[in-house]
1. Provide the per residue accessible area, probe 1.4 Å, for the chain, rounded to a whole number of square angstrom.
2. Just want to confirm a number: the relative contact order over the chain, from Cα pairs under 8 angstrom separated by 6+ residues, in percent.
3. Out of the total accessible area of the chain (probe 1.4 Å, heavy atoms of protein only), what percent is carbon and sulfur?
4. Using only Cα atoms, find the angle between the long axis of helix 43-54 and the longest principal axis of the chain, and express it within 0 to 90 degrees, rounded to the nearest 10.
5. Which of the three applies to segment 10-77, rounded, prolate or oblate, going by the alpha-carbon gyration tensor with a ≥ b ≥ c and a/c under 1.5 meaning rounded?
6. Counting other Cβ atoms within 10 Å, keep those with at most 11, restrict to DSSP loop, and tell me which trypsin sites (Lys or Arg not before Pro) in segment 17-73 are left.
7. For the chain, give the magnitude of the charge dipole about the Cα centre (Cβ charges: +1 Lys/Arg, -1 Asp/Glu; no others), in debye to the nearest 20.
8. More than 14 Å apart: what percent of Cα pairs in segment 1-47 qualify?
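The values are calculated or read from the model by the stated rules, or taken from the named source; none is laboratory data. Quick caveat, the model's predicted, so the values are computed rather than measured. Neighbour counts run over all protein chains shown; Cβ positions are idealised from the backbone, glycine included. In case anyone asks, the SASA skips ligands and DNA or RNA and just uses the protein heavy atoms, side chains included. Shrake-Rupley method; radii C 1.70, N 1.55, O 1.52, S 1.80 Å.
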Amino acid sequence: MDAETIRKLIESGLPGAHVDVQGDDGVHFEATVVSEAFRGKLPLARHRMVYATLGELMGGAIHALQLRTQTPEETGA
């Protein structure tokens, strides 16, 4: 598994999201996901939305995924 594949899966599942994924060992990754879909949602709900885009890969091919989820306004951009 590579970071680019994870980025594409998340972007496919959350259209319009801006996603940055890092991870050098192929099983541990860090992702920053910025999406309008997160507006009004608590962090746990946001993380579940991202996990849903990855399906069975979570806990399998992806051993760990550290998430930072924000709306565009929360990024300060």
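1. Working: 4650 Å² over 77 residues.
Heavy-atom SASA per residue in the chain reads 60 Å².
2. Details: 110 pairs, mean separation 26.9, N = 77.
With pairs under 8 Å counted, the relative contact order is 35 percent.
3. On the way: 2410 of 4650 Å².
With neighbouring chains kept in place, the figure for the chain is 52 percent.
4. The angle comes out at about 50 degrees.
5. Details: a/c = 2.03, a/b = 1.60, b/c = 1.26.
The shape class here is prolate.
6. Working: sites: Arg39, Lys41, Arg46, Arg48, Arg68; in loops: Arg39, Lys41.
In loop regions of segment 17-73 (DSSP not H, G, I, E or B), the sparsely surrounded trypsin sites (Lys or Arg not before Pro) are Arg39.
7. 380 debye
8. Details: 536 of 1081 pairs.
Of all Cα-Cα distances in segment 1-47, 50 percent exceed 14 Å.
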